[in-house]
Every structure is written in structure tokens, then in C-alpha cells.
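First comes the structure, then the notes that go with it.
FYI, it's all coordinate maths here, none of it is from the lab. Everything quoted here is computed from the prediction, not taken from an experiment. Ideal geometry is used to build each Cβ from the backbone, glycine not excepted, and the neighbour counts take in all protein chains shown.
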Amino acid sequence: MFQLFVLILFAKIAAIVFEMIRLPPVIGEIIVGIIIGNTFLFDFLELGTNIEVLSVLAELGVIFLLFSIGLETPFSELKKVGGTAILVAVLGVVFPFIFGYLLIAYSGYPQIEALFIGAAMTATSVGITARVIKDMNLMNSIESKVIIGAAVIDDILGLVVLAMVSGIASGGALDIVNTVIVAALAVLFVVAVVFVGSGMLPKFRKHTPDFKTLPRPLSLRRKISPLAVALIVCFGLSAMASYVGLAAIVGAFLAGMVFAEFKDIFNVEEQFGAINEFLVPFFFLYIGISVNLSTFGGIAVLALIISFVAIATKFIGCGIGAYRLGAKSAAIVGIGMAPRGEVGLIIASVGLSIGSISNDMFSVVVFMSLLTTLVAPPLLTYAFGRKTGRMAKF
């Protein structure tokens, strides 16, 4: 209890401080984790011999985080995304993955480690990107709509890449047959859920009564709460994803998208917000605690290089995808897609948990995620200012 008390207290204080200085709270939570993991606090809290509780809370936190992200993305909304957003998303995944993989592979690291680093570099943080744009009061701009739409598709593609890489790592062999099988499983699972979510659920939705207008005795609320339904869907699809060899968070994200179709009936955003308020910080604390600063000096140069490549490949790839909007708009989109944030950390944590990447390389990904998240707000402000002829409000 004392361990949980200290961890959640420090996490919340850090989140509040970073919000006050207009930086993403997630950065504060990670930094607190780094401090705890590399100071006397680690032994004081007995985390070395009692890490299991924190590990379980962190795993639940990341599952609910991905479910909540999916909850903001109903399948019906994906149909409204234009070709520009799709092209931005695809190029924003292909460029970082290829160059990230080549950089690590030709630096002498194992191929599976290179695959995970490439996968971590594909991610775009929907939450951080949207938060930055919202704070600048520019949600209605064409660039913002493309960024948000592309970020949603980018997350789906990134999770499919994660599923493929995780499957390859679990198989223990990096060959064409294994890759094709894993890719087929990943795509089949995602396509099946998307088909149900976008094809069958809307038809079922038309025949589903609004529980708010039903007489109390007829309401299912007397039998099962909306939160319970959400938890069943979340854990059910997460378990199915794990059963076919994919990452559980892939199922959690898709479960959120499925449940998003019924948000007006089963309104659980507020309830999940309360759950996430408790659980999600433990994931980012766990990320920070996993970083070993004593070994960081030897990989500082690599961390800076990977961070530069991560920013450049998103800027170039997504910029090419959005070039039809004009050079200045393409620059805005390229910068807006750069933050990796929590999604890149999630991918790296999966690699670390199954032993596919080392602690040193995990620290590199954490550094890359932090740096790309930190540089996005000022660069977006500057890019929007160049287009509008005035400094964007941030």
C-alpha cells in the first residue's frame, strides 16, 4: 500500500507540474519513473523484490489506454477520412519502419531488435498530437483534420506492424514463410473485427433500442452495467488477439473501436476515464523505472541519431503524402505526425517484455519518444505561424 501511495502521489504531482508548464503530463510521469528507478527510492520502495504488483497494474493500464484510444475512433468515422489522410498514414509508417530497421540492422544489432525499433518508430501519438492542436485552437483547419485522420489510421497500421513483429519474435525464426503467416494472422484478425464493426454493427445498431427511453424494468441496466459490457468486450478481444499470437493491446484497441459504435447507448467514457486516471500512470511509471541511466552514456549518440531519423522520416514521408495541400501545409502535417509518445513506448515495452530488445535499446526508444514529443509543440506553432502569417496561439 505504501508503494502504491508513493508511486501514484509522485505521478500525479509530476502530471500537474507538466500541465502547468504546458507539456504533456505523460512526460512528467516517465521522468518520475526514471528518477525512482535510478535513485535510492528504488530500494526504499523495495521495487527490486516486489515489482510484480506494479507490472500487473502497468499491463492493465496499457490495455485500458488502448481501449480508450479506440473508444474515440468509431469505425463509421474512418469512412470519412480522405485519400490524403490514408496516404499520409501509409507513408508515415513505411518510411520510419524501413529506415529505422536499416539503421539498427547495419549498426550491428540483431535483426529482431532492428524490427522492433523500426516498429516503435512507426507510431504517432493520437492523444499528444490532438492535444497540441486543440491547445492551439486550430482543430478546424484542413491540416488538423488530415493529421487526426492519418494518426488514427497510423495507429491501426502501427499495431498491425507490432503484431507481425511480435509474432516473428515469438516464432524464433526470421524467414519469409513465418513472416507471411504472421502478417496473414494479423491482417485477418484486424479485417474480421473491422468487418464486424463497420458492416454488421451499424445494421444491428438500427434495431437496438435506446435504453434511456425504455421503462426501467425492461432496461438491461438492471442486469448488466455498461461498464461491465465494456470490460467484457475489452478483455474478450484482447484474449482473442493473444490466442492467435498477436499482442493483447491490438485486441484492446479494436475493442474500443467496436464499443465506440454504441457510445450513445453505453456511455462509459467517464467511467473509463476514472479507471485510466488510476491505472495508466503506472504504465508510464513502469516505463521510466525500466530505464537504466547508468548505461545511457554509451548509447547517447545512437539515441540522438535515432531521434533525428524518427523526426525526419515522419516529416518526409507524411509531408510527401500531404504535398497536394501545398508545401506549408505538408510541413505542418509532417511535424504533426512526429510525436511518438505513448504508442512508441507501448511497442518498445512489448519488445522488452518478450526479450526481443535490450534495456539499452529500450532506453533509446524512451529518449526518442520523449524528444519527439517535446519538439512537436514549438515546431507546430512555428509551422502554423508560417502559413497564417502570425504566431499560432499555444
Net charge dipole size for the stretch 1-67 [Lys, Arg +1 and Asp, Glu -1 on Cβ; Debye, nearest 20]: 260 debye
Among the listed pairs Lys12/Lys314; Lys145/Lys314; Lys263/Lys314; Lys314/Lys387, those beyond 24 Å (Cα-Cα): Lys12/Lys314; Lys263/Lys314
Relative packing of peptides 287-300, 90-103, 374-387 - highest average C-beta neighbours within 10 Å first: 90-103, 374-387, 287-300
Relative exposure of Tyr323, Tyr286, Tyr106, judged by other C-beta atoms within 10 Å (fewest first): Tyr106, Tyr323, Tyr286
For the stretch 50-60, Karplus couplings with θ = phi - 60° (6.51, -1.76, 1.60), whole Hz, Gly/Pro x: 9, 8, 5, 4, 4, 4, 5, 4, 5, 5, 5
Efficiency of FRET from Cβ geometry, Val301 and Glu269, R₀ 45 Å, rounded to 0.05: 0.55
Cα gyration tensor category, rounded, prolate or oblate, for the stretch 296-394 with a/c compared to 1.5: prolate
³J(HN,Hα), Karplus 6.51/-1.76/1.60, whole Hz, each residue of the stretch 150-158, x for Gly, Pro: 5, 5, 5, 5, 4, 4, 5, 5, x
The stretch 3-52 shape via C-alpha gyration tensor axes, a/c threshold 1.5: prolate
Cα gyration tensor shape of the stretch 258-329, rounded if a/c is under 1.5, else prolate or oblate by comparing a/b with b/c: oblate
